[in-house]
Every structure is written in C-alpha cells, then in structure tokens.
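One structure is given below, encoded as structure tokens.
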Amino acid sequence: MRTHGLTPSFSFVAAALLFALGAAFSAYSQTVLIKMGDNQSNQGTNAPSPDVNGHYWNSVDSSQFFPGLTNIDGTTAGAGWAIAFGFEAGAAGDTGANNGPAGPVPPGTPANCVIDANALGNLGIKQAVYDYYVNSEFEIQNLYPSRTYTLTFFGSHSSSPSDYTVYSIFTNSSYTMLEAAVSQYVQYPAAPSVPNSNMVASATVLPAANGILYVQFLGTNTVGGGVGTGQAGGYLNCMQVTQGPSTNASPAASPLNQTTLIQFGNNSLTNCALGNNMYTNCFSTPNPDIYGHYWNSVTAANFFPTTNAVGQVDSLAYSAQPSLGGLDSYNGPDSGTNGATIQNVISDVATNALGYLGVPAAVSDYLGGYWQIFLDGMDPTHRYTLTLFGSTKYPASELTTYQFWNFAFTTALAPQLNLNVGSGQFNNEDRVATVTLTPSADTSVQIVVFGTNSNFTGYLNAMSIVDLTPYPAATAPPVNATWLLNFGDTNNPPNPATGGALRGLSNPSPDSLGHYWNSLDTNYYVNPVALTNAAGTATAMTAKFDVSNPAYTNVASGFAADDYNGPCSPLGALPSSITNAIINTNALGYLGIPGAVCNYYVNSHFILQNMNPAHQYTLTFFGSHQYNSGPASSGGDGYDPVTVYNVYSDPGYSVLLGSTNLCIGGANLRTWNMHRLAVIGPIYPSASGAMYIDFFGSQQGDSCCTNTGYLNDMQIVDVTAATPTDPFTQWQDHYFTVGELGTPTYSGPNADPLGKGISNTNQFLAGFNPTNSAAYTHIISIAKASSTNLTITYLGASGDSTYSPGFASRTNVLESTTGTANGSYSNNFVSTGQTNILSGGTGLGTVTSFIQTNGVTGPARYYRVRVLVP
C-alpha cells in the first residue's frame, strides 16, 4: 500500500500545479474531465462541451452509471479507452451549489463563480465548478492495470465545518486498501466565508488488477456526531483523470540496421478482411514512422522481401498462410465502442512500453485466425530476437499462442509463447511476447499463431526481428592494395558439360566508384590472368581456375558462370540486366556494384599466385542466389542456402589457411543475399606466394546438385601494405625473412643478429643493413700522411635507399680522445672538427677519411665515429 499526502499552500502550489497541468495534459485523447452534478441533480447544471478552451466534459450524477465517458478532445471512448464512472449505491452524498464558488443562498448562476481560471488549468470553467457533491464514494472503471493515472480534484465551499477535504483512492471495493490520499482546503482557514478559487490536489496511482479505482472524499470535522454520507464537510466540484505511461519496462533499443519491423496490414486492399469481418480498412505504416524508422506493411499471404529499420534492403523475406480469419482492424487498438476504426493516429497503446512497435499506425490492424508466418533468408549462424505484439478488444480467445518451427515442422526452434491479447473491452496495450532463437539450417523459421479457444483464433498486429550478430562493416581499404574480382562476363564460353550457352553481363571498369575490376571466365583455367588492382595498376598477382584434378573441380557437371536467379534476375526474370540488381550497396562496400554481382560461378577451385609471402591478406566473398531449398533427400531442389569458402596453402587443398560460411539466399522462398559478406583473414599465403581457394554448398549426400555453392564477386586486400606501420617495422620487413621475423632474438629491436656490436634498433637509426656483417660505423685504418699528419679512414653512415621510407642521409662526426700510458683512454671524446653529411647510401655505409694535423706527435689518441640524425 502506498500513501501520499498533500496540504498545499495558497500561492506557490497554485503556480506549480498550473505548470504541471499544462505539461501533462497536452495529450487530450488520454484525459477525461468530470463535473459533479448535472441538469438532473439538485441545483445542478451541465458543463458546456466544448467549453471556451475547446475541451469536452462529462457531467455526472448519482442516479445512473456512465459506461463510456468522452475524452477531453471530444472522441467517444477515444480510440478504445472506454473509461466508466458510477457512484456507489447508498454512498452518494448530497448535491448542491449553495456556498459554492457562486456564493451563498440563493446560489446565483455559474457566471457568478469566482475562480482563478489560469491557476485551475483545464478545470477552470465556471459551469464545471458551480455545483458539488458532498462526502461520497464512486468508482472509475475500465482503466489499464499497468498504466498510472493522475487524478486531480477541485473542491470549493464556504462556511463549512471542515476547512479541508481528504480525497482517498483505494484499490478494493470495501475501501480498505488505500493507494493514495491527498487533502485540499475547500475554504480558506483565515477566512472560512471565502470558497477555494485557485487550488487543486493531485495523486498519481496504479489501478487494481480489475482496472478500477475506488474514490472516497470526506471532511475532517464531525457534524451531528459523525462524518460521512449526508454530513457536511467534504466537497468535490469537478475532477480530471489523465492516463499516464505504462509501468511495463521499455524494451532495450536494438541497432536499426539489424532490426526488421513488420506490420500486419496494408492499404493496398480496399477492405483488408479476408474472412467474414468485412468492417474496416487496413493501413500501411508511413515510412519513415514517427521515430524515423522504416516498416514492412504486409498482407495475409503475400511474399515480401523486407527492408531494415533504416530503409536498407536486407535478405529477410516474409510470407504467411492464414487458415481462417484474415486481416482486419475491427475491435483493434484503433477502434471505438462500435468496433470500427476511428483514426489510425491515436491507437490505444503504451508507446513507451512497446519500444519500436509503439507506433499507432503499425498496431491498428491485426491478422487473426489459425495461421502461419514463414520467415526466410535468415542466417543459420546467427541468433535472432523476435518480439510479437497482438491486441484486440473482445478477442475470440484472450490468449494467443506462438510456436516456432523449422520448415518441415519436425523441430521446435524455441519454446512456445503465450500472450494475453485483450479481455472484454480492453485491448492489450503494453504486453509483448519475446523469444531468442537460431534459425534452422535451411535459413527459415515457421511461426504458428493460434488461440486457446475452440476455433483457435490467434492475433498478431506487429513484430520486430533483431539479428543479434552484427555483420562486419564493409571496408574501404587503399585501392592500390586492393584487388576486385567478379566471376563471369560477356565472354563466357559454352558450358563444357552440355555445350549450351551461358548468360553473362559486362562489369564496367572503372565502376561508379572509380575502381577497376578483373572479370574472370573459363578462359582462365589454362593460363592465368594478371590482375589489376582497384587503382587500375597492373600487378604481379595472377588468378586461374584449377581443373587439374577432377576430385577438386566440378568441370564435368557444368563448371562455368551464369546469372539466372542471381541478384540481377530477381524472381527468375529474364533477361538479366544490371539495372535490375537488388542489393544493399552500402553494406557491400566496394563489392556492391550491380555489374559485378550479376554473374556467379558454381562450385569451383581457383588459384591466386605471385602474392607476397611476407604479407598478410584478407579475402572477402559475396555470393547470392535464389531458390536454395536444401538437399533433394529432404524434399528440396538440391541447392544449398549456405556456401562454404576455404583457402589452402597447397595444390592438394589439404592444408587449410582459413574457412568461412555465407548464407547466399533463402531456403524455401525466392530470397537472395543482398547485404551479407564472408571474410577470411588476415592470413599469409604459402611460401611460394599462392592461395588455393574452393567453394561449395554446406549440405551433403544428394544425387542432384550436390553441395551447390556460389561466388559472385570478391575482394582481396594486402593488409600489410594497406596498414600503416612504424618505420622500424618497415625496416624489419625489408631485411628479415618471415622465419626471421618470427624469431625476436634475431630480428627484435635489441638483437644483434651478426654480432657486430650494434643492436637492430641502432642499425635502423643509423641506416645500416643488419644482414651484412661489415655494415656498421667503424674506423678502418689510421696511417701517417706525412711526418706530422695522420690519415683516419672510417666507414660512415650514408642512409638507406633500398626501401621506402629509408633514410636519405646521415650526419657523421669524427671524435677523438687521449690515451693513457697503460693503453686505456679517457671517455672525454671531442670532435676532431670533421663532420660529414653522407647521403645516397644503400645501407652499407660510405668510406671516407680525415687528415689529423700534428697527429704524429703528442699523446696517444683514440678515434670513434658518432652518427647523428639526420
């Protein structure tokens, strides 16, 4: 039990409540105004509808029950919110207007009322405050148990035994379970002859499970020995009821590019009902919706390739097959008391609790009956969360069951869910059913929808599908370190197995992004083709198809290219054209070029050669094809929705470097991959600079089309060349082999691989070749140049131009220090005055000399060469 109290002070609370009323009551369809007393009650009158503010009122009395009040905006039971009002039998007090805001006996007219209309907000209407009820109990019914409601009271009376009235709100019919209580001065204590003119009292409460609030108001002083019905003291002139947000937790937001939103309804039908409920039209959700999200508005049984919530095409497809019933909006969240749709912008749902699904137009319609949804083209290596929302008034069955199966209905993919879609005049407005599952291996999920009653009628208004496994974003590597290959072109020769012609389309080079392509066909299974990088520069890398061993090729069964049922011939339409390509170009990056994705190769082996064995590469594959319904042994056509791509280091295809899977299309409908990529790497090629690649379908054991896999285009990136590295790493890569780089004691920064007395770090800084034993600064000789002079010959550092960015030059300073009689020397080296800037070297240094005058006589000297940068 929660208890709240409020005893407002006059000026401050009036201003504060005015601000709160203005902020909370702007959504008129969620607010009801109630006037106590009407033209049927003692001294009563009705409030005008609309009033001077354009608001609508409900004038009530104790002689009748009011089953459906009018909202503040004039809608009857506004979009299904059929709030009801009634006094308790035997608990209604007297009614009148004497000593109210209009003054003492005689009460005068509503025009005589003295109130501060601005302070009272929506309640500041003279006809509404004119009369009152005394010490009474009443019920407010048809409220949503999971929504909060704010009740705002205005009481006003003068010369009463009680200065203030207590308004108590209960959640049981015996008025013992108090939810909240607030108090209000109905007359000013310092001037009891003056009725309240500017104060309201408010409480926010949660209804009982039956959707009812029980309200009691009483004075605090006794009259004739008691306080209660028929006694003076407690007054209520008018009140306001405002529906608040749902108390159900909001679902977590999901990435929009991984979210698909489906609404069951479509305004393409004149009347959307398929069964006997020929009542109302259905609606398509505007794209984008009020949140900026994109929807898929579907009919009962249409095939529908979908887009994600940011409006990008994806590979998920929808279809449904209802057994009975059909699409309708009758008695849905958007309907009034007669069941017919009012307007599909004010559906009675808790938008905060429904998250992305909380869009009025998206929940207006429903599909009802015993029926199935078929989802296709889902990635069987990913997890998905499905959120379902069903809602209707007076449902044939309050509970709808949702089951999740594979295509053959042999395996349940998740436990079934039950959702209360509504009860009586209440439609579900804030409950969802959520499940997380993995699709079947054939990329599909079947959802069965049915009710628990005798005719099995189940409901579904909207749903979201979230792919929990994000695909890696398409990369944009440097074009001079990237190669682009598309499989098939206009030069496709006849099928080697059948002799029949094969279809091919040309891929422009450069493409719309300015990139250059290599279009491969079966001409390249004898001789390799030299590949051009994406910048248009010829490179040493080559490619050829491998037909050297029948065990590793499908040449006998039709090794060649085609475009039928590819992304450029959706639904099998011919002839194909690059203008017909349906792909998500943003998701595919460099590979998202219509001309490059049209053709595909089936189950092939090919070889990349003349790659840099010291470099790592990343390979990105795109495969796409329709009608991939799985093994013939399982009732499919033998084609496979999942293709496996493997990379090996040997011509026997036995030493695996990397492997990946890609869902290239749907299983049992007409979907094709539009946005998914498969990536292998970074990996090194073989020691000879080769990669041996094959691809095939993932399923086994069919006599027809065994292991059918597809490849449309691919991207190769030299990661080592494309990734900026520090200068020391570049120096290491230039001089050391792959094996030496893997041995830090030989190639590491502190290593001295040839024992030259200088670390690799210092050899790098000086610009010397670490693999040449003589490449380091040292004194070569000291000889007499004359009777008094010495010639000092030494090897100085002169830079390294054998790699980029090698150092162009180095500064060499010849220094000397004096020796001692025992052969040692002082460490106090000073310059001899010889400073040389040497350049144009190849990492081996440059020999130079210096003549030391008067060097023959005097103490012994020691010499050294110090290298400065540059």
Can you give the accessible area of Thr857 in Å² (nearest 10), computed on protein heavy atoms with a 1.4 Å probe?
90
Rounded FRET efficiency, nearest 0.05, which uses the C-beta distance separating Ala538 from Thr490 and R0 of 22 Å
0.50
So if we plug the beta-carbon distance of Asn420 and Ile582 into 1/(1 + (r/R0)^6) with R0 = 35 Å, what FRET efficiency do we get, rounded to 0.05?
0.30
For Arg861, other-chain or 5+-apart residues with amide H closer than 5 Å (H placed, Pro excluded) are Gly819
At 1.4 Å probe size, what's the solvent-accessible area of Val655? Round to the nearest 10 Å².
80
Which number do you get for Rg(Cα) / (2.2 N^0.38 Å) in segment 119-261?
1.29
Relative pair counts by distance (%), Cα atoms of segment 332-450, 10 Å bins
14, 40, 31, 14, 2
Semi-axes (Å, rounded, descending) of the ellipsoid equivalent to segment 130-194 per its C-alpha gyration tensor are 27, 12, 11
Roughly speaking, what is the centre-to-centre gap between segment 834-870 and segment 351-368 when only Cα atoms are used, to the nearest Å?
84
To the nearest µm²/s, what D does Stokes-Einstein give for segment 353-414 at 20 °C and 1.002 mPa s, using the Kirkwood radius over alpha carbon pairs as Rh?
149
Rg to Rh ratio, segment 669-782, alpha-carbon atoms and Kirkwood radius?
1.26
Between Thr452 and Arg864, what is the spin-label point distance in nm, taking each point 7 Å from the Cα along the Cα→C-beta axis?
9.0
With a 1.4 Å probe and all protein chains kept in place, how much accessible area does Leu505 have, in Å² rounded to the nearest 10?
30
To the nearest Å, what is the center-to-center distance of segment 85-106 and segment 720-769, using C-alpha atoms only?
97
The long-range amide H neighbours of Asn428, using H built 1.01 Å from N in the peptide plane and a cut-off of under 5 Å, are Thr392, Gly422, Ser423
Using distinct alpha-carbon pairs, which all enter the 1/r mean, Kirkwood radius of segment 808-870 in Å
13.1
Filtered hits (aspartates and glutamates, Cα-Cα < 14 Å from Lys35, offset >= 8 within chain) -> Asp51, Asp61, Asp131
Give the average over all directions of the projected area of the C-alpha convex hull of segment 63-183, one decimal, in nm².
9.0
Out of residues 5 or more away from Ser604 or on other chains, whose amide H comes under 5 Å of its own, with H placed 1.01 Å from N in the peptide plane?
Phe695
Considering the Cα positions of segment 717-770, please state its Rg to one decimal place and its Dmax as a whole number of Å.
11.5, 39
What FRET efficiency do you get for Glu740 and Thr475 if R0 is 41 Å and r is their Cβ-Cβ distance, rounded to the nearest 0.05?
0.85
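The values are calculated or read from the model by the stated rules, or taken from the named source; none is laboratory data. Predicted, not measured: the structure shown is a model, and the values here were computed from it. In this analysis, Cβ positions are derived from the backbone assuming ideal geometry, glycine residues included, and neighbour counts consider all displayed protein chains. The protein model used for the area step is the full one, side chains on, heavy atoms only, and it has no ligands, DNA or RNA in it. Shrake-Rupley method; radii C 1.70, N 1.55, O 1.52, S 1.80 Å.
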